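Trainee: Encoded as structure tokens, here's the structure I'll be asking about.
The values are calculated or read from the model by the stated rules, or taken from the named source; none is laboratory data. Keep in mind that what you see is a predicted model, and the values were worked out from it rather than measured. Neighbour counts run over all protein chains shown; Cβ positions are idealised from the backbone, glycine included.
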Amino acid sequence: MDDALPLTPVLLGVVGALLLVVGRRIYWFFVAAVGFFSGYVLGDQLFPELPDPWLLLASLVVGLLGALIARFLQRLAVMLAGGAVGGLIAFRLAPEVGLHTPAGMVVACVTGALLIAVFVTVLFDPALIIMSSLAGGVMIVQAVGLAAELIFPAVLVLAVLGIAFQFWMMRHHRTVPPPPAG
């Protein structure tokens, strides 16, 4: 997202923090957040003349549809969200690796989306943890507004912390005995 977008840093930071620490447990929220922010970023890039209220409404609809799909078709929704995250990450990184042309950007987005969609399908829980941590890290870094040279290292550090925390939570949750009945 560029600086012209009216999404508040607080909203980005809060959503990013939630995804970073509990993205796997609230997978429907992950799908909804990714749908909303993907729709917003891509809508802003593809339709720059679209007024902000319409862009926000369209993005909200995409996010809500993602959440509904996630409730009924969990694996499909997470695969699509993973593909969206992969495409967005590739879109953001394409210029860093020399892909500045529109065709290069499209190839990067499609390749990133397909790779991550397959990854999410094969390794569901670990992929969900990794993707929600990456998405959360990106949103937090975007909210903070770091200098360009600090963005990648900051996202990486936040994602690693989120991944470690979510794996710890998943393992802890599975090994803690249930409370006594009664």
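Trainee: Of these, 39, 43, 35, which one is closer than 20 Å to residue 90 by Cα and over 15 Å from the mean Cα position of the chain (by Cα)?
Mentor: Within the list 39, 43, 35, the selection yields 43.
Trainee: Going residue by residue through the stretch 22-32, is there one that turns out to be surrounded by fewer than 16 Cβ atoms within 10 Å (Cβ to Cβ), at pLDDT 85 or above, at negative phi and part of a helix (DSSP H, G or I)?
Mentor: no
Trainee: Right, something else. Sort out which residues of the stretch 119-166 are acidic (Asp, Glu) and farther than 14 Å from residue 27 by Cβ, and write them in order of number.
Mentor: If we filter the stretch 119-166 for residues that are acidic (Asp, Glu), which is where we start, we get 125, 149.
If the condition is that a residue be acidic (Asp, Glu) and farther than 14 Å from residue 27 by Cβ, then 149 is the only one that fits.
Trainee: For residue 42, which of the numbered conditions (1) surrounded by 17 or more Cβ atoms within 10 Å (Cβ to Cβ); (2) more than 21 Å from residue 79 (Cβ to Cβ); (3) at pLDDT below 80; (4) not charged (D, E, K, R) fails to hold?
Mentor: (2)
Trainee: Inside the stretch 38-93, can you point out the residues that are among the acidic types (Asp, Glu) and closer than 19 Å to residue 105 by Cβ?
Mentor: Listed by number, the list holds a single entry, 44.
Trainee: Just a yes or no: is a residue in the stretch 76-99 assigned to a helix (DSSP H, G or I) and farther than 25 Å from residue 163 by Cα?
Mentor: Kept after step one, since they are assigned to a helix (DSSP H, G or I), are these residues of the stretch 76-99: 76-97.
Filter again for farther than 25 Å from residue 163 by Cα, leaving 95, 97.
Within the stretch 76-99, one or more residues are assigned to a helix (DSSP H, G or I) and farther than 25 Å from residue 163 by Cα.
Trainee: Might you check whether a residue that is farther than 21 Å from residue 9 by Cα, loosely packed, with under 14 Cβ neighbours inside 10 Å and of a type in the set (S, T, N, Q) occurs anywhere in the stretch 167-178?
Mentor: yes
Trainee: Kindly list the number of the only condition in (1) assigned to a helix (DSSP H, G or I); (2) within 18 Å of residue 140 (Cβ to Cβ) that fails for residue 108.
Mentor: Unmet condition: (2).
Trainee: Can you report the number of residues in the stretch 4-21 which are modelled with pLDDT under 80 and buried (at least 19 other Cβ atoms within 10 Å of the Cβ)?
Mentor: Within the stretch 4-21, residues that are modelled with pLDDT under 80 and buried (at least 19 other Cβ atoms within 10 Å of the Cβ) number 1.
Trainee: Hey, among 113, 90, 77, 108, which residue is touching a Leu at 6+ places or on another chain (Cβ under 9 Å), surrounded by 19 or more Cβ atoms within 10 Å (Cβ to Cβ) and over 18 Å from residue 41 (Cα atoms)? Step through it out loud before you land on a result.
Mentor: Values: 113 fails: over 18 Å from residue 41 (Cα atoms); 90 fails: over 18 Å from residue 41 (Cα atoms); 108 fails: over 18 Å from residue 41 (Cα atoms).
Going through 113, 90, 77, 108 in turn, just one is touching a Leu at 6+ places or on another chain (Cβ under 9 Å), surrounded by 19 or more Cβ atoms within 10 Å (Cβ to Cβ) and over 18 Å from residue 41 (Cα atoms): 77.
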